[in-house]
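The values are calculated or read from the model by the stated rules, or taken from the named source; none is laboratory data. Computed from a prediction, not measured in an experiment: that's the story for all the values here. Positions of Cβ are generated from backbone atoms using ideal geometry, with glycine treated the same way; all protein chains shown enter the neighbour counts.
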Amino acid sequence: MRAALLLGVALALAGCERTPPEPTVLENEAAQAATAATMRGWDRAFNMPAEAVAFANQFGFRAPTYAADGDGSFLSQGNPITLSQSDAENPNTGAFEVAGSRADVAERFVFTLAITDPANAATAKQRFADVITGFLSQYEIEDDGALGAVTNEQDADGMLAGTPMSVAVAPGDDDSRTITVTFSRPATTTPDIQPAQGQ
């Protein structure tokens, strides 16, 4: 009888030491959805990179899954989209990427406009700004005029809804140039919206 009791205790202790099962895909998705429901604005954008990729893809970028890039970083880089006269010799295009150092957190969103068809630059700049505005609207973030630096081709650094934003214009050959808009993950976020100021 005593031996049976000891055996029962041993089995019970062994059961307590078992490693809990890994969560299922459905359980992980449910946990992510619950986390996302508590987030707003930039917090949600930077802490839900997979969702950010999905939002960007609504504009045709066809960006792949946010995943390890082989050098300790994580990246999703979309395909260029045409932003003006598609039958031009070298149409103006827009690009998108999200990058970071962790699988569950993005550290920067980068939108780049390549102006290779200067004759249709005005149309491309406006459409490019509209794409970024549309992306931000998914998080209920208003650009509050900050993207005027894009249409004006003006270098700028500032804060947008508490997040660092920069606009950089780089000249190329002839009249070609690139305009790069970068949103970087801050240590904290604040609810105020401030347009970026030109330098």
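Residues in region 155-174 that are under 19 Å from Phe128 (Cα atoms) and β-branched (Val, Ile, Thr): Val167, Val169. Taken over region 127-149, the criterion of being out of contact with any Asp or Glu (no Cβ under 8 Å at 6 or more places or on another chain) and over 22 Å from Val53 (Cα atoms) is satisfied by Asp144, Gly145, Ala146, Gly148. Checked against the criterion of being out of contact with any Asp or Glu (no Cβ under 7 Å at 6 or more places or on another chain), modelled with pLDDT of 70 or more and among the polar types (S, T, N, Q), region 28-36 has no qualifying residue. Under the condition of being in a loop (DSSP other than H, G, I, E, B), closer than 21 Å to Ala63 by Cα and at pLDDT below 95, the residues counted in region 85-119 number 4. Checked against (1) aliphatic (A, V, I, L, M); (2) surrounded by fewer than 16 Cβ atoms within 10 Å (Cβ to Cβ); (3) at pLDDT below 95, Ala122 passes all but a single condition, namely (3). In region 131-199, counting only strands (runs of 3 or more DSSP E) that sit wholly within it, the ones holding 2 or more residues that are among the polar types (S, T, N, Q) and modelled with pLDDT of 90 or more span 163-171, 177-184. The residues of region 143-163 that are out of contact with any Ser or Thr (no Cβ under 8 Å at 6 or more places or on another chain) and closer than 14 Å to Ala45 by Cβ amount to a single one, Leu160. In this structure, does Ala99 turn out to be under 22 Å from Arg185 (Cβ atoms), surrounded by fewer than 17 Cβ atoms within 10 Å (Cβ to Cβ) and among the aliphatic types (A, V, I, L, M)? Spelling it out, it is not the case that Ala99 is under 22 Å from Arg185 (Cβ atoms), surrounded by fewer than 17 Cβ atoms within 10 Å (Cβ to Cβ) and among the aliphatic types (A, V, I, L, M). Quick one: how many residues across region 89-121 are touching a Ser or Thr at 6+ places or on another chain (Cβ under 8 Å), of a type in the set (Gly, Ala, Ser) and over 18 Å from Ala68 (Cβ atoms)? So the answer is 4. Filtering region 101-155 to residues that are farther than 23 Å from Ser84 by Cα and touching a residue at least 60 places away in the same chain (Cβ under 8 Å) leaves Val105, Ala106, Glu107, Arg108, Gln138, Tyr139, Glu140, Ile141. Of everything listed in (1) surrounded by 14 or more Cβ atoms within 10 Å (Cβ to Cβ); (2) closer than 30 Å to Met39 by Cα, the single unmet condition for Val169 is (2). Mind checking whether some residue in region 64-72 is at negative phi and in a helix (DSSP H, G or I)? Looking through region 64-72, none of the residues is at negative phi and in a helix (DSSP H, G or I). Among the residues of region 37-63, the ones that are assigned to a helix (DSSP H, G or I) and either under 23 Å from Ala187 (Cα atoms) or touching a helix residue (DSSP H, G or I) at 6+ places or on another chain (Cβ under 7 Å) (or both) come to 15 in all.
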